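Step one of this worksheet: look at the structure below.
The values are calculated or read from the model by the stated rules, or taken from the named source; none is laboratory data. Fair warning: this is a prediction, and the values are worked out from it, not measured in the lab. No Cβ is skipped: glycine too gets one built from the backbone with ideal geometry, and neighbour counts run over all protein chains shown.
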There are 2 protein chains.
Amino acid sequence: MTVEVTLQPFTQRWLPALEREMRAALTSSEPALAYHYGMMHYHMGWVGADFQPSDLPAGKRVRPLLCLLACAEVGGDPAQALPAAAALEILHNFSLVHDDIEDGDETRRHRPTVWKLWGAPQAINVGDAMFALAFAALQRAADQGVTPERTLAALRTFTAMTVALTEGQHLDMRFEQRDDVTVAEYIRMIQGKTAALIGASVAIGALIGGATAAQDEALQRFGQAIGLSFQVQDDILGIWGDPAVTGKAAGNDILRKKKSLPLLHGLNDPTVGPRLHELLAGEVTAAQVSRALTLLDEAGSRAYAVAEMTRWHGIGIAALEEALGAQARQSPIFTVTEQLFGRSA
Amino acid sequence: MTVEVTLQPFTQRWLPALEREMRAALTSSEPALAYHYGMMHYHMGWVGADFQPSDLPAGKRVRPLLCLLACAEVGGDPAQALPAAAALEILHNFSLVHDDIEDGDETRRHRPTVWKLWGAPQAINVGDAMFALAFAALQRAADQGVTPERTLAALRTFTAMTVALTEGQHLDMRFEQRDDVTVAEYIRMIQGKTAALIGASVAIGALIGGATAAQDEALQRFGQAIGLSFQVQDDILGIWGDPAVTGKAAGNDILRKKKSLPLLHGLNDPTVGPRLHELLAGEVTAAQVSRALTLLDEAGSRAYAVAEMTRWHGIGIAALEEALGAQARQSPIFTVTEQLFGRSA
């Protein structure tokens with residue numbers, strides 16, 4: 001509670017500005033393109049399927065918030081980081097539009113996905129447009145007085161992240177067709193699919209704020225490690241989480257045979273692994289989920305995952321301390337991180 | 001023949017360097033990603049579906065060639081434009097990968113398309129990766145001694161083009177579902193889908209080569225107008241073209257009911273239009289194609305399209321003369337343009 005109060009003046013000031021920046025980036029004055037941009041606005045939660053304004057709560061905007069905070073943390077003006085923050089959130093949303101097609105997911109945030117409403121061809125193109133517009137959004141930094149050198153450096157970090165994202169997505173899809181994915185391969189995959197974007201969010205904010213190269217590198221490592229830790233937490237919740245919190249039944253990821261960290265740990269266990277493989281070979285029933293949970297207990301998979309989550313969290317905080325020194329644990333960026341982990345209300 | 005000989009020293013020197021630049025941009029040293037990059041190499045024509053080297057003839061590389069020539073034309077060193085040239089060709093190929101999915105096309109250059117071989121989910125992601133890597137390729141310009149200001153300006157032109165491309169693609173897909181597309185709407189669509197990339201190719205090469213702002217703007221207009229003219233020529237060939245040249249039967253675009261410029265002209269003709277609409281309402285037979293060709297004759301649609309092609313070509317050449325002065329018609333960039341139109345052997 002205390003923590004949220006600390007952040008509130010910052011989010012109250014900057015999150016509405018962020019929404020305005022994103023809307024400005026995802027806009028065309030050309031009537032013939034109203035439908036094209038309308039689909040993007042739908043995905044962003046700004047309008048309904050009829051393109052009429054909707055008042056859905058905005059997402060948590062974690063990535064742009066980390067970007068703005070990192071900028072402020074190193075002494076910069078968050079206004080200069082707004083274009084980058086908008087770019088990061090738009091890029092994140094591009095990846096969701098395409099992920100939904102690739103995974104065949106029909107709903108997101110309790111609404112039909114873009115491809116479900118308008119078909120895969122338009123949805124592929126809507127994602128492409130948001131990808132392109134994310135770059136355009138970032139380039140607006142130059143208009144906010146960010147030097148060409150810094151804008152270019154931010155663009156390079158941003159671009160490298162988009163490459164990493166597609167590499168991670170490739171591995172994720174490949175792993176679905178394999179039975180022998182190792183824990184190390186999984187970590188490599190989420191480094192691309194999840195951690196790279198969080199790392200880039202922090203690094204780009206810091207870069208625009210005027211961080212030293214060493215600070216910037218440490219902050220990127222912080223973001224990447226925290227991103228990994230956050231993903232592992234998500235994996236744990238997907239199997240043992242409180243349904244009241246996650247909206248999913250316990251064991252849900254087992255039912256879907258999602259190869260998340262705990263399950264991969266169990267599958268790679270020399271004694272439990274073969275039995276778990278056999279158990280999950282065909283269609284998975286509720287009884288088999290329960291049996292799988294027992295096997296994961298036997299392999300110590302939950303404890304392993306918690307230890308990994310804690311380890312990556314520790315690596316992240318150490319990098320934050322490297323970047324910010326003694327003030328690290330008093331910084332709002334630390335606060336946001338702890339909120340992500342639900343360690344503070 | 002003379003003309004090709006004139007260009008040959010340039011293409012012999014720069015096209016192999018371009019291929020090397022593109023290969024360097026589409027590469028990862030990580031064994032786990034061999035499959036991911038292998039799919040891209042397949043699309044580029046460098047390997048077969050088994051990822052073994054293939055010796056397919058490379059594409060014409062028209063866009064990167066225009067970029068390199070524009071750079072040289074304004075007194076720049078084409079080596080500095082190589083990263084941009086590679087980026088433009090990679091971006092073009094990204095759009096083909098996604099277009100093939102969106103259109104359901106199963107073959108391209110006489111080979112199965114990426115989605116046909118590896119499924120739409122991987123193909124969407126392969127396109128996304130090439131999109132990202134095109135930006136990465138362009139950013140290598142800074143390593144070739146291009147200043148941050150110019151690199152950033154090139155990135156802005158490049159990004160605006162990618163936005164235009166997705167807008168054009170949106171309109172193209174929307175038009176397929178409409179019966180009342182006007183000629184003006186069609187021109188707007190191909191400005192995004194075809195002309196923007198050719199305009200950007202010339203503009204970015206000139207920018208890196210040190211063109212003045214006025215020169216650069218005129219060269220971009222040249223590329224856009226030539227791109228429009230080229231598309232209209234393609235439309236004419238799609239209906240009346242020599243099958244020996246185009247590999248397609250005459251009337252092919254009528255059979256597919258492709259709303260290209262000549263057909264739209266006929267459909268919008270006050271007397272012929274209603275009959276043409278009726279004729280093409282259901283499945284189209286060979287007899288109906290023949291009847292449609294007669295109606296297009298009656299409406300003067302071919303003459304109209306030829307006049308439009310010529311008009312845009314003239315606008316393009318005028319812009320080239322604006323940029324290059326008296327030397328325009330002696331420049332290699334003019335030569336390449338005329339070759340595109342098959343006006344010289």
Exercise. Within the stretch A:286-308, is even one residue β-branched (Val, Ile, Thr), in a helix (DSSP H, G or I) and in contact with a Leu (Cβ under 9 Å, 6 or more places away or on another chain)?
Worked result: yes
For this session: Quick one: count up the residues across the stretch B:269-313 that are closer than 23 Å to B:GLY227 by Cβ and of a type outside the set (Lys, Arg).
Result: 11
For this session: Could you tell me which numbered condition A:ASP253 fails, if it satisfies all but one of (1) farther than 23 Å from A:SER95 by Cβ; (2) free of Cβ contacts under 8 Å to residues at least 24 places away in the same chain; (3) touching a Leu at 6+ places or on another chain (Cβ under 8 Å)?
Result: (1)
Seminar exercise, completed: Expected single match for at the interface with chain B (Cβ under 8 Å from one of its Cβ atoms) and either closer than 18 Å to A:TRP46 by Cβ or modelled with pLDDT of 95 or more (or both) among A:ALA120, A:ALA79 is A:ALA120
Problem set entry | Unique residue being surrounded by 20 or more Cβ atoms within 10 Å (Cβ to Cβ) and more than 16 Å from A:LEU320 (Cα to Cα) when the list is A:GLY223, A:GLY192, A:GLY205, A:GLY227 | A:GLY192
Problem set entry | Residue identified as surrounded by 20 or more Cβ atoms within 10 Å (Cβ to Cβ), without any contact (Cβ under 8 Å) to a residue 40 or more places away in the chain, touching a Lys or Arg at 6+ places or on another chain (Cβ under 6 Å) and over 30 Å from B:THR147 (Cβ atoms) among B:LEU280, B:LEU263, B:LEU276 | B:LEU280
Exercise. With A:ALA142, A:ALA134, A:ALA129, A:ALA120 as the choices, which residue is within 30 Å of B:SER29 (Cβ to Cβ) and not basic (Lys, Arg)?
Worked result: A:ALA134
Exercise. For the stretch A:83-110, how many residues are surrounded by fewer than 20 Cβ atoms within 10 Å (Cβ to Cβ), within 14 Å of chain B (Cβ to nearest Cβ) and either at pLDDT below 95 or over 30 Å from A:THR151 (Cβ atoms) (or both)?
Worked result: 3
Exercise. Does A:ALA134 fit the bill of being under 23 Å from the mean Cα position of the chain (by Cα), in a helix (DSSP H, G or I) and more than 9 Å from every other protein chain (Cβ to nearest Cβ)?
Worked result: yes
Problem set entry | Residues of the stretch A:18-49 satisfying the condition of being more than 11 Å from chain B (Cβ to nearest Cβ) and either among the β-branched types (Val, Ile, Thr) or outside any helix (DSSP H, G or I) (or both) | A:THR27, A:SER29, A:GLY45, A:TRP46, A:VAL47, A:GLY48, A:ALA49
Exercise. Just a yes or no: is a residue in the stretch A:60-68 at pLDDT below 95 and either in contact with a strand residue (DSSP E or B) (Cβ under 6 Å, 6 or more places away or on another chain) or exposed (fewer than 15 other Cβ atoms within 10 Å of the Cβ) (or both)?
Worked result: yes
Exercise. Out of curiosity, is A:ALA281 under 30 Å from A:PHE10 (Cβ atoms) and out of contact with any helix residue (DSSP H, G or I) (no Cβ under 9 Å at 6 or more places or on another chain)?
Worked result: no
Exercise. Can you name the residue in the stretch A:314-345 that is in a helix (DSSP H, G or I) and out of contact with any helix residue (DSSP H, G or I) (no Cβ under 8 Å at 6 or more places or on another chain) and, of all such residues, is surrounded by the fewest Cβ atoms within 10 Å (Cβ to Cβ)?
Worked result: A:ALA326
Exercise. Just for the stretch A:144-159: of the residues that are more than 7 Å from chain B (Cβ to nearest Cβ) and in a helix (DSSP H, G or I), which one is nearest to the chain's Cα centre (by Cα)?
Worked result: A:PHE158
Exercise. Can you name every residue in the stretch B:4-36 that is among the aromatic types (Phe, Trp, Tyr) and in contact (Cβ under 8 Å) with a residue 24 or more places away in the chain?
Worked result: B:PHE10, B:TRP14
Problem set entry | Residues of the stretch A:168-188 satisfying the condition of being facing chain B (nearest Cβ under 9 Å) and more than 17 Å from A:VAL97 (Cα to Cα) | A:LEU171, A:ARG174, A:GLU185, A:ARG188
Exercise. Hey, A:PRO57 hits all of (1) over 18 Å from A:ARG150 (Cα atoms); (2) of a type outside the set (Ser, Thr, Tyr); (3) at pLDDT 95 or above but one; which does it fall short on?
Worked result: (3)
Seminar exercise, completed: Note: among A:GLY209, A:GLY227, just one is under 23 Å from A:ASN93 (Cβ atoms) and more than 14 Å from every other protein chain (Cβ to nearest Cβ), namely A:GLY227
Seminar exercise, completed: From the option list A:ASP99, A:ASP105, A:ASP50, A:ASP55, single residue qualifying as without any contact (Cβ under 8 Å) to a residue 12 or more places away in the chain and under 18 Å from the mean Cα position of the chain (by Cα) is A:ASP105
